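Everything on this sheet refers to the single structure shown next.
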Amino acid sequence: MLRFEDARQLVVTQAEIGKSVRPTITREVSDALGYVLADEVRTDREYPPFDRATRDGYAVRAGDAGAAKTLRCIAEIKAGDTVTSALPAGACIQIMTGAAVPAGADAVVMIEFTSRDGDAITFQRETKAGQNIVQRGSEAGAGEVALSPGLRLGFAELAIAAQVGAAKLVCYKKPRVAILSTGDEIVPVTETPGPFQIRNSNSVSLGAQVRLAGGEPVLLGNAGDRVEELSAKIELGLREDILVLSGGVSMGKYDLVESVLKSLGAEFYFDAVAIRPGKPAVFGRVRDKLVFGLPGNPVSTMVTFQLFVIPTMDVLSGAPARPLALPQAVLGEALHEKTGLTHFLPARIQWESGRGVVKALRWHGSGDIGSLGRANCFLVVPADRQDIAIGEMVSVILRGDVV
Ligand code: AMP
Ligand code: MG
């Protein structure tokens, strides 16, 4: 059976093969979080645009301001002031953080290392040329690429765009991800379930996961376990960029997703992965659209989405597939698991003096959403490990939406 790392690689490869040029949309810089940039952004001028003081203090010629030397303060420069006159030899100018250093000065001395008596400023230490000044153009030249296409816009990227005056950004449209749950027992959250029915939580969690991963969910509701109904709703889903189904991929008599996809012409790349939860996960292509059949147990649905759908969305967003981050943590409580499948256990990582300590939570299997509500990560137990002792290093996958 396929290892999850190989299944993930397969997904990325297929997403790359099938992708077409994405349509673009123009977003205000303050409203572009999570979009992928389609056009490059260039600097409009040098950065910094002037020699900038990085401390409050005195602009000096370094040679004039040795330890125990005293200079006369002849002026003051605030951030934003237009600076026209140069600093003459044998004097200093009081300067504020963010202000332009006057011609002639080659250092700024922090106010903390001076004493003042009227106009007379005495320096306590030696002064080095260049200290506390960022030279004009040292961060970026004019007309340089500040942000490249394919970059996902986070808060820092948006700040860069704002800095260089890119008030509008050409971005790729977010991938539209159709979400279709399946099962005769499933009712909408707005309805009261009968004694043997359950509410559709998967469509809600999948919608949230799609949004977090930078996509636009298209909620198609639920399809009962009947061929015609499933086919018709799958057809609707095939209009979007990606179709994600939940449920109906196990071995039960009414698990129809795979056979219905097949009747619609699906080519399958895998229909099982060596993981628990999530083993029956299905991935294929119907006509030109990528389709995932995720197992219906809520924790399985969430894990398999995180492992396989997110990198697909990345590629279809115009960005590189993000690597699966597997940070290491110290195991806080011994584990005993069956071998053969890689296990993803709902777990809680706590940060104790800077290092992560992780414990698996008690749970009742992959239907137990409550356990995931208490979890902030999945603890990864490799397929060949039966016993892991307290204190050993293990990998985790952070949920990413809670701490
Ligand atoms: P299935 O994968 O269809 O065999 O479903 C496995 C388990 O997940 C069953 O207990 C289902 O009732 C449950 N399940 C399936 N779909 C959903 C859903 N949309 N929301 C909550 N639970 C679900
Ligand atoms: Mg079902």
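For the criterion of being among the β-branched types (Val, Ile, Thr), part of a helix (DSSP H, G or I), closer than 19 Å to VAL291 by Cβ and away from ligand 2 (no atom under 16 Å from the Cβ), VAL218 fails.
What about ASP241, is it open to solvent by 40 Å² or more (accessible area, probe 1.4 Å) and under 19 Å from PRO280 (Cβ atoms)?
On the way: open to solvent by 40 Å² or more (accessible area, probe 1.4 Å): yes; under 19 Å from PRO280 (Cβ atoms): no.
No: the conditions fail for ASP241.
Tell me which residues, restricted to the stretch 122-167, are closer than 18 Å to ARG322 by Cβ and either assigned to a strand (DSSP E or B) or hydroxyl-bearing (Ser, Thr, Tyr) (or both). Result: LEU147, SER148, ARG152. Looking at the stretch 101-108, can you tell me whether even one residue there is under 41 Å from the mean Cα position of the chain (by Cα), modelled with pLDDT of 95 or more and surrounded by fewer than 15 Cβ atoms within 10 Å (Cβ to Cβ)? Within the stretch 101-108, not a single residue is under 41 Å from the mean Cα position of the chain (by Cα), modelled with pLDDT of 95 or more and surrounded by fewer than 15 Cβ atoms within 10 Å (Cβ to Cβ). Testing GLU333 on (1) in contact with a Gly (Cβ under 8 Å, 6 or more places away or on another chain); (2) open to solvent by 10 Å² or more (accessible area, probe 1.4 Å), one condition comes back false. Which one is that? Unmet for GLU333, out of (1) in contact with a Gly (Cβ under 8 Å, 6 or more places away or on another chain); (2) open to solvent by 10 Å² or more (accessible area, probe 1.4 Å): (1).
Among residues that are charged (D, E, K, R), open to solvent by less than 60 Å² (accessible area, probe 1.4 Å), more than 30 Å from GLY214 (Cβ to Cβ) and under 42 Å from the mean Cα position of the chain (by Cα), ASP51 is included. Here PHE270 meets each of (1) within 16 Å of ligand 2 (Cβ to nearest atom); (2) within 27 Å of LYS338 (Cβ to Cβ) with one exception, condition (1). Among the candidates LEU256, LEU316, LEU264, which residue alone is touching a Lys or Arg at 6+ places or on another chain (Cβ under 9 Å), open to solvent by 10 Å² or more (accessible area, probe 1.4 Å) and within 15 Å of ligand 2 (Cβ to nearest atom)? Just one listed residue meets the conditions, LEU256.
For the stretch 235-325, which strands (runs of 3 or more DSSP E) that fit wholly inside it have 1 or more residues that are among the aliphatic types (A, V, I, L, M) and within 16 Å of ligand 1 (Cβ to nearest atom)?
Hits in the stretch 235-325: 242-246, 282-286, 289-294.
Quick one: in the stretch 198-217, of everything that is out of contact with any Phe, Trp or Tyr (no Cβ under 7 Å at 6 or more places or on another chain) and near ligand 1 (Cβ under 9 Å from one of its atoms), which residue is most open to solvent (accessible area, probe 1.4 Å)? This residue is ARG199.
Return a yes/no flag: does the stretch 367-376 have any residue that is away from ligand 1 (no atom under 16 Å from the Cβ), touching a strand residue (DSSP E or B) at 6+ places or on another chain (Cβ under 9 Å), assigned to a strand (DSSP E or B) and open to solvent by less than 40 Å² (accessible area, probe 1.4 Å). It would help to see each step written out before you state the result.
So in the stretch 367-376, the residues away from ligand 1 (no atom under 16 Å from the Cβ) come out as 374-376.
Adding the requirement that they be touching a strand residue (DSSP E or B) at 6+ places or on another chain (Cβ under 9 Å) leaves 374-376.
The next check asks that each one be assigned to a strand (DSSP E or B); those that pass are none.
No, every residue in the stretch 367-376 fails to be away from ligand 1 (no atom under 16 Å from the Cβ), touching a strand residue (DSSP E or B) at 6+ places or on another chain (Cβ under 9 Å), assigned to a strand (DSSP E or B) and open to solvent by less than 40 Å² (accessible area, probe 1.4 Å).
The values are calculated or read from the model by the stated rules, or taken from the named source; none is laboratory data. The shown structure was predicted, so the numbers you read here are calculated from the model rather than taken from an experiment. Backbone-built Cβ (ideal geometry, glycine too); neighbour counts: all protein chains shown. Note: areas computed on protein heavy atoms with side chains; ligands, DNA, RNA excluded. Shrake-Rupley method; radii C 1.70, N 1.55, O 1.52, S 1.80 Å.
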